[in-house]
């Protein structure tokens, strides 16, 4: 005689069947969603993180190859199982604990210090650098110093000292270096648009700027007159300057360069296509164009001269400079005061504004 099925057992079986159907429906939906996503990604390479690969590998291994072939949608079963094998191999990898042969590598801090000493002192040899390191508490051999410098592409002292880095040169001569360059502006005239050339000179240490000349034709005669003005022994802008940095523009003629050299200011010609070596004057050109000239239309030479003159006045006395600690080049006594009403000084119809306190 068979044992009757209890109502509770029937209820459990019914609930289990219902849950299984719900789970199967969810699986069918997820499989279809994976197919849609895979079709969307066709032709594209899906990049997974190491953590995502690890999680898929662990879950995929538990399913087995047969079931993986049915459900895997992003990567193939073989790829998932290969990830799992690498995961296991990494667990038993003790190579990082092995003792390495030979002397340990120099600490990163010491290596950086060796490179710094060599850069800042290009004439120091290995022994001199070794002595300086000893003063700082580091005992390093000459061979180690040579290896570190070789790894950083630095020559021994004789060759390293023959070429003075540009930054070192500027720092050493900071107060006596000026730079010059041309920039162009299009001006509307009765003959149509005419290109005007503006020659600007800058004092690197103070950022003071001098407009040496504005002309549509910077010929040899123009440049010679500019040279005489800049080197005037009474009030020339190059008075007291030892170096004038300029590029290889043909407008800087040989006679102009000779005139400047004869005055006691040595001309430093930059390599071709190296505006980064004349960065200060390039930055000024960017400022005057973006803040003023590119926002105006000029009718005749006089309108250009007026706009340039107004910007130069604004540049010196009303514009803060990040390279000078965000301060003004020529600040008056009221700057920073909390007394007096706030006023706005406008130039070029409000194109250039300066806010200051009214003097008591």
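Using the Cβ-Cβ distance between residue 81 and residue 49 with R0 set to 25 Å, the FRET efficiency works out to roughly 0.85.
This ranking places 234, 296 by how few other beta-carbon atoms lie within 10 Å of each, fewest first, which gives 234, 296.
If you rank 241, 289 by fewest surrounding Cβ atoms within 10 Å, what's the result? Write down the numbers at each step before the final one.
Values: 241 23, 289 15.
By the 10 Å Cβ count, ascending, the order reads 289, 241.
For segment 174-326, the calculated P(r), taken from all Cα-Cα distances in 5 Å bins from zero up to the bin holding the longest distance, is 2, 9, 18, 22, 21, 16, 9, 3, 0, 0 percent.
Coordinate-derived values only; no laboratory data. Predicted, not measured: the structure shown is a model, and the values here were computed from it. No Cβ is skipped: glycine too gets one built from the backbone with ideal geometry, and neighbour counts run over all protein chains shown.
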